[in-house]
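A short worksheet on the structure shown next.
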Amino acid sequence: MAAGGQRPGTSQTAAPRTDDRAYAAMIARTKALIPQLKERAVRTEELRRLPPETERDLHDAGLFRLLQPKRFGGAELDYVALVDCADLLAQADASVAWNFANLASHHWMLGMFEPQAQELVWGKDANALIASSFIFPAGRATKVEGGYRLRGSWPFSSGVASCEWNMLASVVSSDDEADGIEYRIFLLPKGDYKILDTWNVAGLRGTGSSDVEVRDAFVADHMTVAVGDLAGGPSPGSVFNPNPLYALPVFSLFPYVLSGVALGNAQACLDDYIEAVRHRISTYNRAKLSDFQSTQIKIADASSKVDAARLIMRSACIEAMDDARCGRIPSIIAKTRYRRDGAFSVNLCTEAVSMLFSASGARGLFTTGVLQRQFRDAHAINSHLAFNFDAAGTNYGRVALGLPSENLTL
């Protein structure tokens, strides 16, 4: 085992409870993909989206259906499996892991929609992929008879070119100020939105996270869900999907949809660094880098950050599942703690990668090397709002002090 510590599938915190054999089989299939994903990483960046063969591999391994209800052929594994599988995939390519985690999480969320929506999507094609953009101010929805009219322009819809559907978040406007602000998620077929090819970026280049635009679309009531219905406890889909997985608080646990990507990327960076310095000779005095105390300390520092991040991420997911099994809805302080810890753990991963990049010297500057991509991807991941510790930490501090939460999705 590399110096990074325990890996997915070990007993670092606790094993998933749903089906240990199914979990172990999924982990094994994920690990088997790592070599070919590493080989395709450069091409994935050049394409600015996942290669068709990579998407096919993820489908064949059942990874996209990791959290999908069993009644539609999904694995219905515990939520922690999303972190564990993203961790492994990101050790090969963070862009692949990012799209996997995003798209797999939407099957989980669809399991909380009205049964009509689930039948419409999965009844036609159980393998259909669903993109998203959960930036609520980007959209405007108005209630009409039988549903809503929706318009807006949303950025960062990862993997959208491969998807038949899209979950778009919006504020619902009302003429009556007494109604207040309502946040809802709308599920649209690809014919109702336009993809704008905007994804020209420095990090996570292979995710194809383009913008989408909706001019004026009608969305039926059963194709939308209120954020308040996803705050923990029974959801509109619970009658048909009674697994506690579909009673988790979605936006409280939102960081852990993607945190495993940062984890695996940092783990790969650490493993590569250890392997490189094990045999490397200093160009300054021909000394072995492995003999330098500074090298040894950096390995200890980076590995402790990665191990701590893994422990935090997995513990949060396992705790949330335990609560859901007992019918407990987390308090607002627990929900803000999940957000705080999600951001904190990803920041630890980013710090580890930045430190190792700096310690690698000029070696990391070559565009043909893996290290520069790991560095770019780490900072691209960390730029996601869910990992902004200032925002998550401020809100946790407010709630801890008895002030109202500023995050309206919790």
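Springs join every pair of Cα atoms under 10 Å in this Gaussian network model of the chain, and among 133, 157, 315 the largest mean-square fluctuation is at 315. Taking other C-beta atoms within 10 Å as the exposure proxy, 148, 273 rank 148, 273 from fewest upward.
Let me have the relative contact order for the chain, percent, based on Cα pairs under 8 Å that are six or more residues apart. Could you put the intermediate results ahead of the total?
Details: 783 pairs, mean separation 70.7, N = 410.
Here the relative contact order equals 17 percent.
Using the rule -39500 (n - 2.57) for each DSSP H run of four or more residues, divided by the residues of the chain, the 222 nm mean residue ellipticity is -15500 deg cm²/dmol. Sparsely packed loop sites in segment 295-359 (the chymotrypsin sites (Phe, Trp or Tyr not before Pro) outside DSSP H, G, I, E and B with at most 12 other Cβ atoms within 10 Å) do not occur. 3J(HN,Hα) along segment 143-160: 6, 9, 4, x, x, 9, 9, 10, 8, x, 9, 10, x, 6, 8, 5, x, 4 Hz, from the Karplus curve 6.51 cos²θ - 1.76 cosθ + 1.60 with θ = phi - 60°, whole Hz, x for Gly and Pro. Among 171, 214, 239, the largest mean-square fluctuation in a Gaussian network model of the chain, built with springs joining Cα atoms closer than 10 Å, belongs to 239.
Between their Cα atoms, which of 38/305; 31/70; 38/288; 70/143; 124/194; 70/335 are more than 31 Å away from each other? Spell out each step's value before the answer.
On the way: 38/305 24 Å; 31/70 23 Å; 38/288 28 Å; 70/143 33 Å; 124/194 22 Å; 70/335 27 Å.
As for pairs spanning more than 31 Å Cα to Cα, those are 70/143.
Across segment 235-377, the mean sequence separation of Cα contacts (distance under 8 Å, 6 or more residues apart), normalised by length, yields a relative contact order of 34 percent.
Here the Karplus relation 6.51 cos²θ - 1.76 cosθ + 1.60, evaluated at θ = phi - 60°, turns the backbone of segment 93-106 into coupling constants of 6, 5, 5, 5, 4, 4, 5, 4, 5, 4, 5, 5, 5, 6 Hz, with x for every Gly and Pro. Comparing mean-square fluctuations of 24, 90, 302 from a GNM of the chain with C-alpha springs under 10 Å, the top value falls on 24. If R0 is 45 Å, the Cβ-Cβ spacing of residue 280 and residue 226 corresponds to a FRET efficiency of close to 0.20. Karplus-derived 3J(HN,Hα) values for segment 228-236, using 6.51 cos²θ - 1.76 cosθ + 1.60 with θ = phi - 60°, are x, 7, 10, 8, x, x, x, 10, x Hz; glycine and proline are entered as x. The GluC sites (Glu not before Pro) found in segment 99-190 that occupy coil by DSSP, while having at most 12 further C-beta atoms within 10 Å, are 145.
Scanning the chain for trypsin sites (Lys or Arg not before Pro) lying in DSSP loops with no more than 13 further Cβ atoms inside 10 Å, the longest uninterrupted stretch between such sites is 125-285. Residues whose amide H lies under 5 Å from that of residue 166, counting only those 5 or more places away or on a different chain, are 131, 188; hydrogens are built 1.01 Å from N in the peptide plane. Each of residue 372 and residue 315 was given a label point 7 Å from its Cα along the Cα-to-Cβ line. The distance between the two points is 3.8 nm. Starting from segment 360-401, pick out the chymotrypsin sites (Phe, Trp or Tyr not before Pro) whose DSSP state is loop and whose Cβ has at most 16 other Cβ atoms within 10 Å. Sites meeting the loop and neighbour criteria: 366.
Stretching the chain fully between residue 181 and residue 161 yields a gain of 4.1 nm (0.36 nm per residue, less the alpha carbon separation).
Can you tell me the 0 to 90 degree angle between the C-alpha axis of helix 255-279 and the longest principal axis of the chain, rounded to 10? Approximately 10 degrees, to the nearest 10.
Once fully extended, how much extra length lies between residue 388 and residue 119, figured as 0.36 nm per residue of separation less the alpha-carbon to alpha-carbon distance?
Details: separation 269, 0.36 × 269 = 96.84 nm, distance 3.63 nm.
Full extension of this stretch gives 93.2 nm more.
Let me have the relative contact order for segment 130-231, percent, based on Cα pairs under 8 Å that are six or more residues apart. Could you put the intermediate results ahead of the total?
On the way: 235 pairs, mean separation 33.6, N = 102.
Value for segment 130-231: 33 percent.
Bear in mind these aren't lab numbers, they're just calculated from the coordinates by the rules spelled out. Computed from a prediction, not measured in an experiment: that's the story for all the values here. Neighbour counts run over all protein chains shown; Cβ positions are idealised from the backbone, glycine included.
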